[in-house]
Every structure is written in C-alpha cells, then in structure tokens.
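Here's the structure we're looking at; comments come further down.
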Amino acid sequence: MSKLWGGRFTKKTDQLVEEYTASITFDKELAEEDIQGSLAHVTMLGQCGIVPAEDVETIKSGLNKVLERIRSGSLEFSVEDEDIHMNIEKALIEEIGPVGGKLHTGRSRNDQVATDMHLYLRQRVVEFVGMLQKLQESLIGQAKANLDTILPGYTHLQRAQPILFAHHLMAYFEMFQRDIERLQDSYKRINVLPLGAGALAGTTFPIDRHLVAQQLGFDRVYENSLDAVSDRDFILEFLSNASMIMMHLSRLCEEMVLWSSTEFSFVELDDAFCTGSSIMPQKKNPDVAELVRGKTGRVYGNLVGLLTVLKALPLAYNKDMQEDKEGMFDTVKTLQGALQLFAPMVATMQVNRDRMRQAVNQDFSNATDIADYLVNKNLPFRQAHEIIGKTVLYCIQNKKYLLDLSLEEFKSFSELFDEDIYDVLQPEQVVNARNVYGGTAAPQVSAAIERAGEKCLQTASWVEQHLKE
C-alpha cells in the first residue's frame, strides 16, 4: 500500500530516510491515547454532520477492533508507515475499508500527536502523584516509629546539632509534598486540548473543539492554533518536575548509602533491596539507592535535551519536535521504576537507634546549647560563642566530650556555669529545647506528622478524583 500522504510524490522514500525519520519504534507507546482521541474526534465529526452517522459507527467499531489487536499484541507496526497515527489509520482501513479514510477529516498529525501526548502525560502525572503519596506514607510510618530516636544533624557533612530521626525523615516528606503540588499545578496546563488546530491554522470544516474536549475530559482548548501544535511547554514542565523528584530521591539515596555503611551503621536496608558481591561474600550493597542516584542524570539529560531542541524553533510544527517523545518516555519509565521501589525500601528499613545515640554522645553537637545557656545568663552571644569554642578546643586536646567535663573545668571558662549545665547538655533536652513550629522537639514533630497525614488524605482524594476523569 502506498503512503497515505504519497499523492504528491513520484518516487519512493529512500529506505534509510524511512528508518531515520520513522518514530513508530517509540511512539507506539501512544497507541491507546491515539485511539482514544480518534474516537472522540470521529464522534464529533458525526454530531457536527461532517461524517454520516453510519460511517461514524463503522469507524468507531473499527477503531475498537484495532485497539483489541494492539492490546493482544497481534497488530504489527511498520516503519514504512512512520508513526503510530499512520499505522493505526492503515490498520483501520484494512479493517473496515476506504471509509476509514474519513477519520482524518478536519485534523492533522500535528494536532493529533499533541493531543496524544497531553492524554498520555495527564494520566502519568496522576499516577506519579499517587506514587509520591505512597512514599510519603512510608516516611510517616518510619517517623512515627522513631519519635524518640536521636541522631546527629549535619551541616557540611559535619555533626551540627542533635535532631530526631523522625524530624529528618519528615524533611523529605516536605520535599515530596512540593513535588506533588508542582505536579498537581502542572495538571491544569496538561489538561488543555490541542485537537482542532489542524496543521497550524485550524480547519475549514465546522468542527466543535469544545465537544471533543468535553468527551476527553479536558478543561479547555488551546486559544491559538499555532501555539496548540507547537507547544511543548507541558512536557518541559513535566521533565523539570521529574528532575526535581529524582533530585530529592537522590539526596535520600545518598543518605541511605552513607547510613548503611559500616562507618555510620545508622540503618540497615532490607535484603530485598540490596545485592551481593561476586567475589566478596560479606558484602551487602545498597544497589537500588545507588542506581536511583545514578539514573537522576539521565532524567536531567532528557530535560536539557528537549530545551535544546526547542530553543530556536520557528512556529509552527517542525520535524525536530519528534525528539520530544523518547526523553519523555524514558523519564516516565525511570521515575516509575524509582518510585515503585522507594516506598517499600523506606518502609522496610531497619533503624539502629543505639548506634545513632552513641554517635550523638560522642560529638560536640550540643555546643550551641551551652552558648544559649550563657546567653540566658545575660552574656552576649558573641562572647558565649568564643567561650564555648575554647571549651570545645580544650575537650579535643584532652580527648573528652562536653558531658565528661567536671563543673570545675566548666567554671575555668566561665563562672556562669552551674550544676544545671549537665541537664542542658543531655541529647533529649537539646532536642526538646527547640520547641518552635517546624523545630525538632518531639511535640513539634508529632504535630508535623499529624499535619502530614492530613495532606496525604487530601492527595489520595485528588488522585481518586482525577483517575476517574
């Protein structure tokens, strides 16, 4: 069968050109969305009196049969037919005859492919919001189980101040909450219908774009036909949001790798999410965390790649824009894999509370509280800071920690020290002294966990609502 667009041509397309320009090897991912859009389009053509009702029903029946063949794997896609749109249209014509050619009335592949990608990303975004919510639930579960677990908080990867492990985990909850909110906000820009824009200028047929939008569950249609076929901002926004999600996952991965090392021994990851060594039998490698950390780069690359493709494109559609899909599909697959593994990996992580507490007892992360102690006795903070700096230096030189010092040793640095300094220096006191909104004190962390649970319920409701649309 000749090309569906081949009337103007006198020569066959070079085989190498066909292979180079074809997109069917990857855009077959859009098969179900392509048929979904076509069903709505042909229904509208019938209701607008553009295609006879009998032909509409024949085309719809044929499209559903093609869909069954796609789902069963019996439909073979051909590079000669270039892309998913032409492959499906050819299969439709083979199924129902020439009447199948009426399906493409009033549309172009330019607005058709844009519609497919809007449909595709709309579903993926809802799924990713749901997956992030499951990860948040895992973090909440670990946080609830570790409300009395204290570990060193770090800055510059140096021990800074004691914090609750639950507080540390809830910081990641907040990161993923921002990710969820960004995805939810992007939904309104994804949920816009380009179909009806034609190749770039609209169509001469009296179509009803809003009717198609209503059938497909879109909130609105593109206002400008040129913009409709050339806009890929919604994909860039998704790739940007995905990059930030992967960045947040990668940060947590890095901590898991560190925490599970012998040097830290703060946590142990479940065997199901680790692998061994082919030569060293004692090894337990955090491969999932490492691989998620590594795959972050490919997601960043997909974002930069599409930004580069689009940076100098004139309006409207250009073949360059075929490069929008592979990176999008790869990012979806990469993010799906990471999020599917992450929630259970966090949920099954074993926490070594004693080791964390030992680390807190063998550092100077309570030093700030001694400075605050002196400030509360009316000493200017800068003077208090200097005194405590000298006190810490003395401890280092004498291989001691602050709680090891006698009262006489404390008083050698300031007469303002008294017996109550030992209460101030206890890790629990250091943590609970920070009883401000958003702080690491147990009451504040408990309240944060409760608020987080409410956010999870709201997210679950949003997902349920949008999965039905």
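What the table below lists for this structure:
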quantity: At R0 = 60 Å, FRET efficiency that the Cβ-Cβ distance of Y422 and A460 yields, to 0.05; calculated: 0.80
quantity: Inter-part distance where segment 37-53 and segment 354-397 are each reduced to a Cα centre, Å; calculated: 76
quantity: Nearby aspartates and glutamates by direct alpha-carbon distance to K283 (threshold 12 angstrom, same-chain neighbours under 8 apart not counted); calculated: D271
quantity: Relative contact order (percent, whole number), segment 361-444, Cα cutoff 8 Å, 6+ residue spacing; calculated: 27
quantity: Difference of contour (0.36 nm per residue) and Cα-Cα distance, R178 to L147; calculated: 8.8 nm
quantity: For segment 361-444: span of alpha carbons on each principal axis (Å, largest first); calculated: 36, 29, 21
quantity: Angle in degrees between helix 233-259 and the longest Cα principal axis of the chain, rounded to the nearest 10; calculated: 30
quantity: Residues T204 and K65, FRET efficiency given R0 of 41 Å [Cβ-Cβ distance, rounded to 0.05]; calculated: 0.85
quantity: FRET efficiency, S72 to K12 (Cβ-Cβ, R0 41 Å, nearest 0.05); calculated: 0.85
quantity: The chain: angle of helix 381-397 to the longest principal axis, Cα-based, in degrees nearest 10; calculated: 80
quantity: Semi-axes of the equivalent ellipsoid for segment 416-460, Cα gyration tensor, largest first, Å; calculated: 34, 7, 5
quantity: Integer Hz, Karplus 6.51/-1.76/1.60 couplings in order for segment 161-172, x for Gly and Pro; calculated: 8, x, 9, 6, 4, 4, 5, 4, 5, 5, 4, 6
quantity: Kirkwood Rh in Å, taken over segment 306-396 so that all alpha-carbon pairs contribute; calculated: 19.4
quantity: For segment 106-248: span of alpha carbons on each principal axis (Å, largest first); calculated: 70, 29, 18
quantity: Point-to-point label distance, A312-D372, nm (Cα→Cβ direction, 7 Å offset); calculated: 5.7
quantity: Summed residue charge, Cβ within 13 Å of D418's Cβ, Lys/Arg positive, Asp/Glu negative; calculated: -3
quantity: Relative contact order of the chain, pairs being alpha-carbon contacts under 8 Å that are 6 or more residues apart, as %; calculated: 17
quantity: Percent of Cα pairs exceeding the 28 Å cut-off, where the set is the chain; calculated: 63
quantity: Principal-axis tilt of helix 84-96 within the chain, Cα atoms, nearest 10 degrees; calculated: 40
quantity: Reference-scaled alpha-carbon Rg (2.2 N^0.38 Å with N residues) for segment 6-105; calculated: 1.13
quantity: Listed residue pairs exceeding 19 Å between alpha carbons, taken from K188/K311; K188/K333; K134/K455; K28/K319; calculated: K188/K311; K188/K333
quantity: Gap separating the Cα centres of segment 209-246 and segment 54-87, nearest whole Å; calculated: 25
quantity: In Hz, Karplus ³J(HN,Hα) per residue of segment 346-353 (6.51, -1.76, 1.60; θ = phi - 60°; x = Gly, Pro); calculated: 5, 4, 9, 5, 8, 9, 8, 4
quantity: Structure-based [θ]222 nm, the chain - -39500 (n - 2.57) summed over DSSP H runs of at least 4, per residue, nearest 500; calculated: -20500 deg cm²/dmol
quantity: Packing-based ranking, highest mean first, of 409-419, 156-166 given that Cβ atoms within 10 Å are counted; calculated: 156-166, 409-419
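No value in this document is a laboratory result; all are computed from the given coordinates. The model shown is predicted, which means the values in this text are computed figures rather than measured ones. Every residue, glycine among them, receives a Cβ derived from its backbone with ideal geometry; neighbour counts consider all protein chains shown.
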